1. Rounded to the nearest percent, how much of the accessible area of the chain (1.4 Å probe, protein heavy atoms only) is carbon and sulfur?
2. How large is ³J(HN,Hα), in whole Hz, for each residue of region 92-100 in order, when computed from phi with the Karplus curve 6.51 cos²θ - 1.76 cosθ + 1.60 and θ = phi - 60°, using x for Gly and Pro?
3. If you average the sequence gap of Cα pairs under 8 Å that are 6 or more apart and divide by the length of region 10-68, what percent do you get for the contact order?
4. Which distance in nm do the two modelled labels at residue 71 and residue 52 give, with both placed 7 Å along the Cα-to-Cβ direction?
5. Report, to the nearest 10°, how far helix 74-83 tilts away from the longest principal axis of the Cα atoms in the chain, using its own Cα long axis and a range of 0 to 90°.
6. May I ask you to give the solvent-accessible area per residue for region 62-109, in square angstrom, as obtained with a 1.4 angstrom probe?
Amino acid sequence: MTPDPPRIAIVIVTYNSAQVLEGCLRSLGEGARGVHLAHVVVADNNSKDDSLKVVGEVTDLPVQIVQVGRNAGYAAAINAGVEVLDIATLDAVLVLNPDCRLRPGALLPLAEALR
């Protein structure tokens with residue numbers, strides 16, 4: 001019997017990240033090959049640019065926006081993003097900066113190392 005693929009959630013912290021965020025989000029589909037990408041949370045630190053619009057244009061991912069409401073900082077945004085996840089149903093949570101790009105299949109070896 002083949003084990004179920006690892007269930008991964010990703011939290012991306014943004015602050016005026018519209019120029020780089022789309023590339024990050026687009027890379028997740030290929031990067032998640034071999035795992036179940038259960039949730040993508042974009043925790044926004046009150047961006048004044050089109051960051052939230054960029055997120056809204058991505059329809060092929062299970063994306064949720066968490067608006068922090070102010071520029072609370074990186075750690076506070078991570079906490080806000082993780083707070084909306086059902087941790088008990090996940091094998092791992094990956095935190096990314098919006099300028100990161102995942103290579104195809106990148107999440108599977110990370111998840112296997114955690115097992």
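1. Roughly 50 percent, rounded to a whole number.
2. 6, 10, 10, 9, 10, 7, x, 8, 7
3. This gives 46 percent for region 10-68.
4. Taking the two extended label points, one gets 1.7 nm.
5. 60
6. For region 62-109, the per-residue accessible area is 60 Å².
The values are calculated or read from the model by the stated rules, or taken from the named source; none is laboratory data. None of the values given here were measured: they were computed from a predicted structure. Don't worry about glycine lacking a Cβ; one is built from the backbone with ideal geometry, like all the others, and counts go over all protein chains shown. Please note that ligands, DNA and RNA were not included when accessible areas were found on the heavy atoms of the full protein model with its side chains. Shrake-Rupley method; radii C 1.70, N 1.55, O 1.52, S 1.80 Å.
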